[in-house]
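Asker: Pasting in a structure now, in structure tokens, and then I'll have a few things to ask.
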Amino acid sequence: MGIKETGVLIVGGGPTGVTLALELAVQRIPFRIVDKEPRRSDKSRALGIQPRTLELLNRHGNIRKLIARGNLSGGTTFYLNGKKAADIDISGLAKDTAFPLMLIISQVDTEEYLDECLAKYGFAVERGIEATSVVQDSDGVTVILSNQDGVKETVRAKYVVGADGAHSIVRKSATGLTFQGAAYPQDFILCDASIRNAKIPWNRFSLCMGKGSLAVFPLKDGTCRVVVSRVQESNADVDPTLDVFQDMLNRLHPGAGELYNPTWITQFHLHHRGVNSYRDRRLFVAGDAAHIHSPAGAQGMNTGIQDSINLGWKLAKVIRGERPDSLLDTYDRERRPIGQNLLENSDKMFTWGCSTNPFFVTFRNLIFTWVLPWFVSSENRRANVYKFISELGISYKDSSSVGTAPGHSGSIVGGDRVPDRKVQSAGNERYFHELLTPETYHLVLLSGIGDSAATKETILEAQSKLEDNKSNVAKVHTIFSEKSDAANVPGYADIGNRLHEDFGCSKPSYVYIRPDTYVEHIGPLSELKELSKWLQRYES
């Protein structure tokens, strides 16, 4: 057989890999996605999908159908030594999104949703196929694939992305990529089971600390996950049983309920590691191939998915010749700081919650008795922490590929996430993000508010200039203030003017939005020439 060619080969068919496949499919870039496992796992694994991830996945398929299959978490209840210490309510903290709460759902359901979205584009993961050799040169990458019968196939790709986990062959095939870190000393056990006589709230999860640590995550249909960090004197060589989980539940979360009919019991250790670069020429790593860490904060799968969303459109732009190869360097510059920050913060949360040092545990429990009620009492403190956990606060404003025009004084600048609010047209309401389809850039004209608002003639003139600008390949949307009199001009009314307020644009402004719904360039409408200069950088 001859060598088969493709644009991008994705190694690994988990959530990270399939998300990258979705991004490439919508961009109409040739790709293949392979996974060495013959079938998907039936174990629940990663449970939490954060609000920012829900926003981004909704670009490919109705995420509300997935939400209906899980539980939306309204917060966390903390227990110390079997007594309730604090109840952290997160409802109402995220105001500029259609998806303000974290979804607790089995990874089985998440992967099914992703596969369904990919099937709508006409693609699927090629299963039972393993990459056994990955060799790059200046023009591309040669990969040897082997199926379960040992039949080999040679593939030539422009780029290869390793979404193949902690033992990634793509990362190991790269030059100079290190994966530094270590294992946590704690011994963990996990159980998915039904629970009866339950007195746990089904719209939040419980974190319990004392002698050992325990977390309870309510799932659908009267089931839950219990994760236990066993103390040092525990016999780690003994396989966990349901009685072990029930005993810990009775001690750290008394009255929670009675576990029965377990569907998964396992024992594991955790690691924290990070790669020193997400790119080596034509090879890229994403997800667990680039960063692994504790599950504190439910960040891991979400970060991998968002790695892929950052990389996908950039690969498309470069492969089509619309942007220089240097754009691909911004994948590492934008995403690796996010991964490093995640490693540092999840490590701190993990150390505080799961330490086995008896002196530290005593100190922690004493401090938490006072600190948790103080923390819960402030909505601002809760909102700041939730901005990190929800991943709605992720920003690339330090990237070289984003900019802000002179005269813009709003809080949102180039590199920031685009807020989401309701807009209205012809009496029909919809969320703003629904306009921001993933296959292209979007250019939004904000009319401004009150006496500062642009006239109909000004808006039409700006639209005309943009249509004549060959550098602009974006979809153009006009958002008027709620009480605008710009009749007969296509666009949307900003309900409550909240979108204008979020962007900090009381005066007429423009927002140039990337396919991943981050701001690439923003400024006053009077400085639209700055956007033209920005776009001309990419003209050949």
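Asker: Taking a quarter of the surface of the convex hull around the Cα atoms of region 36-104, what do you get in nm²?
Answerer: Average of the hull's projected areas for region 36-104 equals 7.2 nm².
Asker: In Å², and per residue, what accessible area does region 397-523 have when probed at 1.4 Å with the other protein chains present?
Answerer: I get 43 Å² per residue for this part.
Asker: For region 84-136, what is the accessible area per residue in Å² when the probe is 1.4 Å?
Answerer: 41 Å²
Asker: Between the alpha-carbon centers of region 388-441 and region 483-535, tell me the distance in whole angstrom.
Answerer: Between the Cα centres of region 388-441 and region 483-535 lies a distance of 10 Å.
Asker: Another question, if that's okay. Whole-Å semi-axes of region 1-75's equivalent ellipsoid, largest first, each the root of 5 times a Cα gyration tensor eigenvalue?
Answerer: 29, 17, 9
Asker: Sticking with this one: Which pairs, out of Lys158/Lys465; Lys397/Lys465; Lys65/Lys211, put more than 32 Å between their alpha-carbon atoms?
Answerer: The answer is Lys158/Lys465; Lys65/Lys211.
Asker: Now, a different point. Enumerate the aspartates and glutamates that Lys317 could reach by cross-link, defined here as Cα to Cα under 15 Å, with residues fewer than 8 away along the same chain left out.
Answerer: Within the straight-line limit of under 15 Å, Lys317 reaches these aspartates and glutamates: Glu23, Asp325, Asp329, Glu439, Asp516, Glu520, Glu539.
Asker: Roughly how many percent of the accessible protein surface of region 476-540 is carbon and sulfur, given a 1.4 Å probe and a whole-percent answer?
Answerer: That fraction is 45 percent.
Asker: State the volume of the convex hull built on the alpha-carbon positions of the chain, expressed per residue in Å³ and rounded to an integer.
Answerer: Here the figure is 162 Å³ per residue.
Asker: With the calculation restricted to Cα positions, what are the radius of gyration and Dmax of region 1-128 in angstrom?
Answerer: 18.1, 67
Asker: What's the Kirkwood radius of region 343-482 in Å, using all Cα pairs?
Answerer: That comes to 19.8 Å for region 343-482.
Asker: I want the antiparallel fraction of DSSP beta bridges within the chain, as a percent rounded to 5.
Answerer: Around 70 percent of the beta bridges assigned by DSSP in the chain are antiparallel ones.
Asker: Ok, one more. For the chain, what is the relative contact order in percent, using Cα pairs closer than 8 Å and at least 6 residues apart in sequence?
Answerer: Relative contact order of the chain: 16 percent.
Asker: Each residue of region 249-265 in order: what ³J(HN,Hα) in whole Hz does its phi give by Karplus 6.51 cos²θ - 1.76 cosθ + 1.60, θ = phi - 60°, with x for Gly and Pro?
Answerer: Once θ is set to phi - 60°, the couplings for region 249-265 become 5, 5, 7, 9, 9, x, x, 5, x, 10, 7, 7, 6, x, 9, 7, 10 Hz.
Asker: Using a 1.4 Å probe over the heavy atoms of the protein chains, calculate the carbon and sulfur portion of the accessible area of region 337-439 as a whole percent.
Answerer: Of all accessible area on region 337-439, carbon and sulfur atoms account for 56 percent.
Asker: For a test of the definition: using alpha carbon positions, the gyration tensor, and the 1.5 limit on a/c, classify region 1-43 as rounded, prolate or oblate.
Answerer: oblate
Asker: Give, to the nearest whole percent, the P(r) tail of region 402-521 beyond 21 angstrom, counting all Cα pairs.
Answerer: Result for the distance tail: 32 percent.
Asker: With a 10 Å radius around each residue's Cβ, average the other Cβ atoms per peptide and rank 269-281, 9-21, highest first.
Answerer: Top of the packing list down: 9-21, 269-281.
The values are calculated or read from the model by the stated rules, or taken from the named source; none is laboratory data. Please read these numbers as outputs of a predicted model, since none were measured by experiment. Methodologically, a virtual Cβ is constructed for each residue, glycine included, from the backbone with ideal geometry; neighbour enumeration extends over all protein chains shown. Protein only, heavy atoms only, side chains kept; ligands, DNA and RNA dropped before computing areas. Shrake-Rupley method; radii C 1.70, N 1.55, O 1.52, S 1.80 Å.
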